[in-house]
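See below for the structure under consideration.
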Amino acid sequence: MLRPASIGDLCEVIAAGEKLRLRGGGTKDTVGAPCEAQVVDMRSFAGVIDYDPPELVLTVGAGTPLAEIEALVAGEGQMLAFDPFDHARMLGSEGAATIGGIIAAGVAGPARLSRGGVRDHLLGFTAVSGRGEKFVAGAKVVKNVTGYDLPKLMAGSWGRLAALTEVTLKVLPAPRTRRTLIRRGLDAAQAVAAMAYALGTAAEVTAAAHLPDWQGGAVTAIRLDGFTESIAARAAMLPEFEPAEDADALWTAVRDAAPLPLDRPLWRLIVAPGKAPGVISALPHAAWLFDWAGGLIWLATNADPAVIRTAAEAAGGHAMIFRADAAMRAAVPTLHPQPPALAALEARVRRAFDPNGVFETGRF
Amino acid sequence: MSLVMPAPDPATLAKRAEIVAALRAIVPGEGVIDDIESLRAYESDGLTAYRQPPMVCVLPETVEQVAAILRWCHGNRVKVVPRGAGTSLSGGALPLADGVLLGMARFNRVLDIDYADRVAVVQPGVTNLAITCAVEDAGFYYAPDPSSQIACTIGGNVAENSGGVHCLKYGLTTNNVLGVELVTMEGDVIRLGGRGLEPAGLDLLGVIVGSEGLLGVVTEVTVRILPRPQTAQALLIGFPSVESAGQCVADVIAAGIIPAGMEMMDRAAVHAAEDFVHAGYPLDVEALLIVELDGPVAECGHLSGEVERIALANGAVSVRASVDEAERIAFWAGRKAAFPAAGRLSPDYYCMDGTIPRRRLPHVLNRMNELSGQYGLGVINVFHAGDGNLHPLILYDANQPGQLEAAEAFGADILRLCVEVGGVLTGEHGVGVEKRDLMPVMFSEADLAQQQRVKCAFDPELLLNPGKVFPELHRCAELGRMHIHRGEVPFPDLPRF
């Protein structure tokens, strides 16, 4: 393992041309195909560089632990609104997630439904490309359209374009109050309809999830975040729902896909929310839950990957393997294969950052 | 005009008749415009200081026609400039003398509305406001609201990543677009995103939005629609100084409040707007804030009380809360009339668009006033205060020799100042031709080279909207060889072409 201490060191490491696997806390090491590439530990690029809460902007080293950042912004009554979380629990890994890893993996929890994902909150960055060159993109203000929006490309790129050293994120005020409302006993189609209905009202729903088996039955949950004064009024717009108890445990379970069995592969499907019930019907033996009002399906199943991917495509989406044994990850592409013209374009964009394939380790 | 566009290629100009015939074979009838008088209608966009009729204009109706046009132009090395409604304030749709202008106005249909998934699928020539009109009976709207929303198209909004007064809370175009169908310069039709929240691979949609028509031509857009908030209320707050108004903005945000809109006008802008529309603005203030809150009635009532308390604590000399929808609209009338009001003060005005960290506002306004004296040109300021996006309006008279050049130089100094204090050249209007030559103020050669390599991945022959965004056109092969060690260009003093 290499651990460059400065941008200069990092440029030299990358320019040497060896295949490299970028790593923060290592919590997602088991995502993607096993690969032999040299690991580059990015945790030397850590620390808070600038944080002025009323500007809604935070600049930190990409190797800074997520937990440290969350504690810092919480101290000012703020949050990373895309609802990031550490996958250590879901993947059974050691270590602590870094913000760079969160960005590279595009990690966003239940509130992503209403507040946007990593892509919507990464304002700018400094990185070293696969050419071994330092460059910056985006900016350190909340509103900017100067040049191409390269931060969008970094979010969810899984370390295939450039090694992030410094990132500027938009931060937002944290809600004062959270209230969860639930309905019990709905099937998948009824649950998706109920969540869509709630999201179509002026109640400003933050998160919406459906667990087919939670503490003895199906639970459809929505969350209202905001000022105490407004939440009662918003809850009154949704009389079909009742107040929930122990809501934090429910949302943590949704985020971590905790109710799903561990003895089979875990898939992450992103689909058009209204098509989510059809996916479940096509995979009758799978264990599942819905987040993002049905737009995110966590699926635990031994079903044929081709069948899963066909179902996801039929629902206007795609399927990624999130947790599986090494043999399966070696045999089945982790990311959903793209149509040929798009795959070719994406490969050209990757080469624009990494012409020699330094970051093309075979992991994805 | 100080702007230098790529020199027209004589060989392309010489085969104009052949190009027109090829386009007519793809788009029959009235869809190809080649007479000089008709082409004049397309000679500029919202940045009217720059004018250039295109070689020929083509108005396709189908994605197959768009693909065929781009494939033919790619094969024949003919440049293409895409255009929506032509409302760009940065010259993004400025034609080229040797280029085909690809007008997307005929793509004007709403294709699908899905209230359960809260999306609308539209063609790129649909106007921004028409999306809201299509869904408002069901209680929905499309959030980004650039001031040109009655005319500007969603395709143009995608190209420019357009904003508006509500983007602090609701985001720019990029945060409200879920998918596009795109035709590349080589004629491939590609779908990026869709009705799901994230793509399977790289977020190419994210780099298409705001790419100013340099990466592809969008032929379909899927946008997120939102339920209309229950109510909206505006507060009109006068301050004795810009500093106290700025501190009020910071304190509102520190109190955990993200208003739907938060606009500031300086003394000159307040007077110009009040003289024009008689909105009832207080005239004895140095800065005026309009703070709009939206959401449930109970929330608006609570938050407007909070904002009023914060304003008074910061020395506000007047606070008025709108009591009904008519008064809320009246409060906005002056702000929305700021540009035409500037037009009454002066024969011409030039609108700038930098963003700064808000804490630097007093310094930036002071420097701007000094520059105003130095150039002998007036300036009035309106400002999206929540997100630090400045719109200084420089007043000049194009009929006075040298004044346009002075206004451009003044504007460039303002944008350099924005970058110097940690901000950016453009918050929502785009780089286009207007700020193209200032890009090196904000980005190093290595930074720009990386952006241009992305351009090369989409359009290796640099045929789509050349002369925009990038100050120098590096050939893609040259970019492949250019090696910049540790961010330093070798021989930084050598000229590069």
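Please determine whether any residue of segment B:450-461 is within 12 Å of another protein chain (Cβ to nearest Cβ), in a loop (DSSP other than H, G, I, E, B) and within 30 Å of B:GLY480 (Cα to Cα).
Step one: list which residues in segment B:450-461 are within 12 Å of another protein chain (Cβ to nearest Cβ), which gives B:450-460.
The next check asks that each one be in a loop (DSSP other than H, G, I, E, B); those that pass are B:459-460.
Restricting the remaining residues to those that are within 30 Å of B:GLY480 (Cα to Cα) gives B:459-460.
Looking through segment B:450-461, at least one residue is within 12 Å of another protein chain (Cβ to nearest Cβ), in a loop (DSSP other than H, G, I, E, B) and within 30 Å of B:GLY480 (Cα to Cα).
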Legend entry - Test result for A:GLY159, surrounded by 23 or more Cβ atoms within 10 Å (Cβ to Cβ) and at the interface with chain B (Cβ under 8 Å from one of its Cβ atoms): no
Inset, instruction - Considering only segment A:97-112, state which residues are away from chain B (no Cβ under 11 Å) and in contact with a helix residue (DSSP H, G or I) (Cβ under 6 Å, 6 or more places away or on another chain). - result: A:ALA97, A:ILE99, A:ILE102, A:ILE103, A:GLY109, A:PRO110
Inset, instruction - Working only within segment A:303-320, note down all residues that are under 13 Å from A:ALA276 (Cβ atoms) and away from chain B (no Cβ under 13 Å). - result: A:ALA311
Inset, instruction - Examine segment A:123-130 for a residue that is part of a loop (DSSP other than H, G, I, E, B), away from chain B (no Cβ under 14 Å), modelled with pLDDT of 95 or more and over 24 Å from B:GLY193 (Cα atoms), and state whether such a residue exists. - result: no
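Only one residue in A:TRP158, A:TRP214 is outside any strand (DSSP E or B), in the same structural domain as A:ASP52 (by TED's automatic domain parsing) and under 30 Å from A:LEU260 (Cα atoms), so which one is that? Steps first, please.
Details: A:TRP214 fails: in the same structural domain as A:ASP52 (by TED's automatic domain parsing).
From the options A:TRP158, A:TRP214, the qualifying one is A:TRP158.
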Inset, instruction - Test A:ARG115 against the criterion of being within 27 Å of A:LEU250 (Cα to Cα), more than 7 Å from chain B (Cβ to nearest Cβ) and among the basic types (Lys, Arg), and give yes or no. - result: yes
Legend entry - Residues that are in contact (Cβ under 8 Å) with a residue 60 or more places away in the chain and touching a Lys or Arg at 6+ places or on another chain (Cβ under 8 Å), drawn from segment A:98-110: A:THR98, A:GLY101, A:ALA105, A:GLY109, A:PRO110
Inset, instruction - Give me a count of the residues in segment B:300-353 that are within 14 Å of another protein chain (Cβ to nearest Cβ), assigned to a loop (DSSP other than H, G, I, E, B) and without any contact (Cβ under 8 Å) to a residue 40 or more places away in the chain. - result: 0
Inset, instruction - Return yes when B:VAL27 is among the β-branched types (Val, Ile, Thr), touching a Pro at 6+ places or on another chain (Cβ under 6 Å), touching a residue at least 12 places away in the same chain (Cβ under 8 Å) and closer than 25 Å to B:GLY432 by Cα and no when it is not. - result: no
Legend entry - Conditions (1) crowded, with 20+ Cβ neighbours inside 10 Å; (2) assigned to a loop (DSSP other than H, G, I, E, B); (3) within 14 Å of chain B (Cβ to nearest Cβ); (4) touching a Phe, Trp or Tyr at 6+ places or on another chain (Cβ under 9 Å): number failed by A:LEU238: (1)
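From the set of residues in segment B:134-165 that are part of a helix (DSSP H, G or I) and closer than 23 Å to B:PHE339 by Cβ, which is nearest to the chain's Cα centre (by Cα)?
Let us first name the residues in segment B:134-165 that are part of a helix (DSSP H, G or I), namely B:134-138, B:154-160.
After this cut, where a residue has to be closer than 23 Å to B:PHE339 by Cβ as well, the list is B:154, B:156-157, B:159-160.
Details: B:ILE154: 12, B:GLY156: 9, B:ASN157: 7, B:ALA159: 9, B:GLU160: 5 Å.
Only one residue fits best here, namely B:GLU160.
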Inset, instruction - Would you mind telling me which numbered condition in (1) surrounded by 23 or more Cβ atoms within 10 Å (Cβ to Cβ); (2) within 12 Å of chain B (Cβ to nearest Cβ) A:ALA233 fails? - result: (1)
Legend entry - Test: residue in segment A:292-312 that is over 21 Å from the mean Cα position of the chain (by Cα), closer than 30 Å to B:VAL297 by Cα and of a type in the set (Val, Ile, Thr): no
Inset, instruction - Please tell me if B:GLY411 is at pLDDT below 95 and touching a strand residue (DSSP E or B) at 6+ places or on another chain (Cβ under 8 Å). - result: no
Inset, instruction - May I ask you to list the residues in segment B:122-172 that are within 13 Å of chain A (Cβ to nearest Cβ), out of contact with any Asp or Glu (no Cβ under 9 Å at 6 or more places or on another chain), surrounded by 24 or more Cβ atoms within 10 Å (Cβ to Cβ) and within 24 Å of B:VAL291 (Cβ to Cβ)? - result: B:PRO144
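Specify the residue that is nearest to the other protein chains (Cβ to nearest Cβ); the eligible residues are those in segment B:375-405 that are farther than 15 Å from B:GLY423 by Cβ and among the acidic types (Asp, Glu).
At the first step, the residues of segment B:375-405 found to be farther than 15 Å from B:GLY423 by Cβ are B:375-380, B:382, B:393-405.
Next, from what is left, pick out any that are among the acidic types (Asp, Glu): B:397, B:405.
Working: B:ASP397: 29, B:GLU405: 23 Å.
Across segment B:375-405, the extreme among qualifying residues is B:GLU405.
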Inset, instruction - Tell me which residues, restricted to segment A:283-296, are closer than 18 Å to A:VAL332 by Cβ and either part of a helix (DSSP H, G or I) or touching a residue at least 24 places away in the same chain (Cβ under 8 Å) (or both). - result: A:LEU283
Inset, instruction - Return a yes/no flag: does segment B:81-96 have any residue that is in contact with a helix residue (DSSP H, G or I) (Cβ under 8 Å, 6 or more places away or on another chain) and basic (Lys, Arg). - result: yes
Legend entry - Whichever residue in segment B:100-121 is assigned to a loop (DSSP other than H, G, I, E, B) and within 30 Å of B:LEU3 (Cα to Cα) and, among such residues, is nearest to the other protein chains (Cβ to nearest Cβ): B:MET104
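If a residue counts only when it is hydrophobic (A, V, I, L, M, F, W, C), which helices (runs of 4 or more DSSP H) contained entirely in segment B:8-99 have at least 3 such residues?
Per the criteria, B:10-14, B:16-26, B:63-75.
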Inset, instruction - Being surrounded by 15 or more Cβ atoms within 10 Å (Cβ to Cβ), within 14 Å of chain B (Cβ to nearest Cβ) and assigned to a strand (DSSP E or B) is the filter here, so list the residues in segment A:171-189 that pass it. - result: A:LEU172, A:PRO173, A:ARG178, A:ARG179
Legend entry - Odd one out for A:VAL145, checked against (1) more than 7 Å from every other protein chain (Cβ to nearest Cβ); (2) under 21 Å from B:ILE356 (Cβ atoms): (1)
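Say whether the condition of being of a type in the set (Phe, Trp, Tyr) and over 22 Å from B:SER148 (Cβ atoms) is met by at least one residue in segment B:338-358.
Applying the first criterion (of a type in the set (Phe, Trp, Tyr)) to segment B:338-358 yields B:339, B:349-350.
Restricting the remaining residues to those that are over 22 Å from B:SER148 (Cβ atoms) gives none.
No; the residues of segment B:338-358 include none that is of a type in the set (Phe, Trp, Tyr) and over 22 Å from B:SER148 (Cβ atoms).
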Inset, instruction - Using the structure shown, decide if B:GLY430 is outside any helix (DSSP H, G or I), small (Gly, Ala, Ser) and more than 7 Å from chain A (Cβ to nearest Cβ). - result: no
Inset, instruction - Determine whether segment A:207-227 contains at least one residue that is modelled with pLDDT of 95 or more, over 28 Å from B:LYS169 (Cα atoms) and within 14 Å of chain B (Cβ to nearest Cβ). - result: no
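Return yes when B:ILE257 is more than 25 Å from B:ALA342 (Cβ to Cβ) and not assigned by TED's automatic domain parsing to the domain that holds B:VAL382 and no when it is not.
Details: more than 25 Å from B:ALA342 (Cβ to Cβ): yes; not assigned by TED's automatic domain parsing to the domain that holds B:VAL382: yes.
Criteria met by B:ILE257.
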Legend entry - Count - residues of segment A:325-364 that are under 21 Å from the mean Cα position of the chain (by Cα), hydroxyl-bearing (Ser, Thr, Tyr) and more than 14 Å from chain B (Cβ to nearest Cβ): 0
Inset, instruction - Of all residues in segment B:224-248, count the ones that are within 11 Å of chain A (Cβ to nearest Cβ), under 22 Å from B:ALA298 (Cα atoms) and under 28 Å from the mean Cα position of the chain (by Cα). - result: 5
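The values are calculated or read from the model by the stated rules, or taken from the named source; none is laboratory data. Note that this is a predicted model, so its numbers are computed, not measured. Note that we place each Cβ from the backbone using ideal geometry, even for glycine, and neighbour counts take in every protein chain shown.
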